[in-house]
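The structure appears below as structure tokens.
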Amino acid sequence: MTDKNIYNGPNRVFSGVQPSGDLHLGNYLGALKKFVKLQDEMECIYCIVDLHAITVWQDPKKLAQQTRHIAAAYLASGVDPSKAIVYNQSSVRAHSELAWYFNCIARIGWLNRMTQFKDKAGKNSEKMSVGLYNYPVLQAADILAFKATHVPVGEDQKQHLELTRDIAAKFNHDFSSPNFFPLCEPLIEGPGARVMSLRNGTEKMSKSDPSDNSRINLTDDADKISKKIRKAKTDAGAIPLSLDEIEGRPEVKNLVGIYSALSGKSDQDVLLEYAGKGFGIFKSALADLAVSKIHPITELMNRYLSDPEELNRILSTAADRASEISDPIVAEVRKIIGFSGV
Ligand code: AMP
Ligand code: TRP
């Protein structure tokens, strides 16, 4: 689909994280850390996407708590509710309504190409929920219900954002409203866009990996973080001096990447500092660094979680604000589609 973006509305950031388990270092570096930086640059809307979470089974007794858990992680990472809108998706009706309209815009062939569905469904695609298949359509609705122009995510979301652009472009084209929806820009670049598993440098760090040693959770204590880093898979070589030499050594590349993302140094500077040294020394420095960055977040998260009323208040005020922005956009969509409005 041709992508000519002639939208000239205001810049706005939207992103979301699913409340489907503990957050890990990949979520922090690929998403949360970027959220914090952006809140001083543009209007930001950060959602806890519970409608997406239920595309696979979620225990109803745990869902609200998991949602608060993600909200606490946002806030503890530095997202400021007086600057950014932080709310849960199911409280704002625009998401579901727009998702239906987009189901009638998106083509089955487009969804058939989504690699994340194929990865999640594996050989069992016939047994998956229709919601899991439609997941990227709901994601497009999240973004476009706010006419968001910028979307900070990790690299795994690239294809979903391309689909969002295709849906926006087809809607604009089919209804002869060429600048109604923006064609959003993914914000993926930067260190931490793809943090890999500590057990296998060719697989991404993920909530769903059965091995807890494969990831560092934001709830892990100092001892656990150090142990996981010490146990992280490496190879028999030493730390090399040049970037070329870490190509083809995925585990080394990943640990160096994590170090640089946490420290703010470039990969090259990290190599200069540790070249020729063994992994024992490097891992011990990395563990100290990771603990120093994650421990304060864990502490703050626990403080937010100990006051559920306050968290609920923040989420509910923000949900009202999110509805104020998205309701008029969805009302315009209804008019464009041609509903009678009675
Ligand atoms: P999820 O946990 O799938 O809801 O992802 C929430 C956010 O974290 C999304 O922006 C993802 O792209 C990002 N993310 C998830 N896993 C990783 C990873 N291993 N490396 C970098 N970013 C990630
Ligand atoms: N699919 C995203 C993930 O798993 C979460 C998400 C849902 C999202 N809606 C979004 C991310 C809108 C960015 C924008 O990581």
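Between a first residue in segment 25-51 that is over 24 Å from His295 (Cα atoms) and a second residue that is more than 15 Å from ligand 2 (Cβ to nearest atom) and not aliphatic (A, V, I, L, M), which pairs have beta carbons less than 6 Å apart while being 6 or more apart in sequence or on different chains?
Listed pairs, sorted by first residue: Met42/Asn11.
Condition test on Thr219, is it among the β-branched types (Val, Ile, Thr), within 25 Å of Lys34 (Cα to Cα), in a loop (DSSP other than H, G, I, E, B) and not assigned by TED's automatic domain parsing to the domain that holds Met114? Break it down stepwise before answering.
Working: among the β-branched types (Val, Ile, Thr): yes; within 25 Å of Lys34 (Cα to Cα): yes; in a loop (DSSP other than H, G, I, E, B): yes; not assigned by TED's automatic domain parsing to the domain that holds Met114: yes.
Spelling it out, Thr219 is indeed among the β-branched types (Val, Ile, Thr), within 25 Å of Lys34 (Cα to Cα), in a loop (DSSP other than H, G, I, E, B) and not assigned by TED's automatic domain parsing to the domain that holds Met114.
For the subset of segment 325-342 comprising residues that are at pLDDT 95 or above and part of a loop (DSSP other than H, G, I, E, B), which member is least open to solvent (accessible area, probe 1.4 Å)? Working first, answer last.
Filtering segment 325-342 down to residues at pLDDT 95 or above leaves 325-339.
Now narrow it down to the ones that are part of a loop (DSSP other than H, G, I, E, B): 338-339.
Numbers: Gly338: 57, Phe339: 108 Å².
Looking at residues that are at pLDDT 95 or above and part of a loop (DSSP other than H, G, I, E, B), I get Gly338.
Looking at Pro182, Pro191, Pro152, can you tell me which residue is within 16 Å of ligand 1 (Cβ to nearest atom), modelled with pLDDT of 95 or more and not polar (S, T, N, Q)? Break it down into steps so the answer makes sense when it comes.
Values: Pro182 fails: within 16 Å of ligand 1 (Cβ to nearest atom); Pro191 fails: modelled with pLDDT of 95 or more.
So the residue among Pro182, Pro191, Pro152 that is within 16 Å of ligand 1 (Cβ to nearest atom), modelled with pLDDT of 95 or more and not polar (S, T, N, Q) is Pro152.
Of the residues in segment 1-52, how many are within 12 Å of ligand 2 (Cβ to nearest atom), open to solvent by 20 Å² or more (accessible area, probe 1.4 Å) and within 23 Å of Lys228 (Cβ to Cβ)?
Total meeting the criteria: 4.
Take Arg165 and decide whether it is modelled with pLDDT of 95 or more and within 13 Å of ligand 2 (Cβ to nearest atom).
Values: modelled with pLDDT of 95 or more: yes; within 13 Å of ligand 2 (Cβ to nearest atom): yes.
Yes; evaluated as a whole, the condition is true for this residue.
Restricting to segment 47-74, what's the tally of residues that are among the aliphatic types (A, V, I, L, M) and out of contact with any strand residue (DSSP E or B) (no Cβ under 7 Å at 6 or more places or on another chain)?
As a first pass, look at segment 47-74 and keep what is among the aliphatic types (A, V, I, L, M): 48-49, 51, 53-54, 56, 63-64, 70-73.
Checking which are out of contact with any strand residue (DSSP E or B) (no Cβ under 7 Å at 6 or more places or on another chain) leaves us with 51, 53-54, 56, 63-64, 72-73.
Residues meeting the conditions: 8.
Working only within segment 164-203, note down all residues that are within 30 Å of Gly248 (Cβ to Cβ) and not in a loop (DSSP other than H, G, I, E, B). First the steps, then the outcome.
Keep residues of segment 164-203 that are within 30 Å of Gly248 (Cβ to Cβ), which gives 186-203.
Listed by number, the residues that qualify are Pro186, Leu187, Met196.
The values are calculated or read from the model by the stated rules, or taken from the named source; none is laboratory data. For clarity, every value in this text was computed on a predicted model and none was experimentally measured. Counting neighbours? That spans all protein chains shown, and the Cβs are built from the backbone with ideal geometry, glycine included. Just the protein is used for accessible areas: all its heavy atoms, side chains included, with ligands, DNA and RNA removed. Shrake-Rupley method; radii C 1.70, N 1.55, O 1.52, S 1.80 Å.
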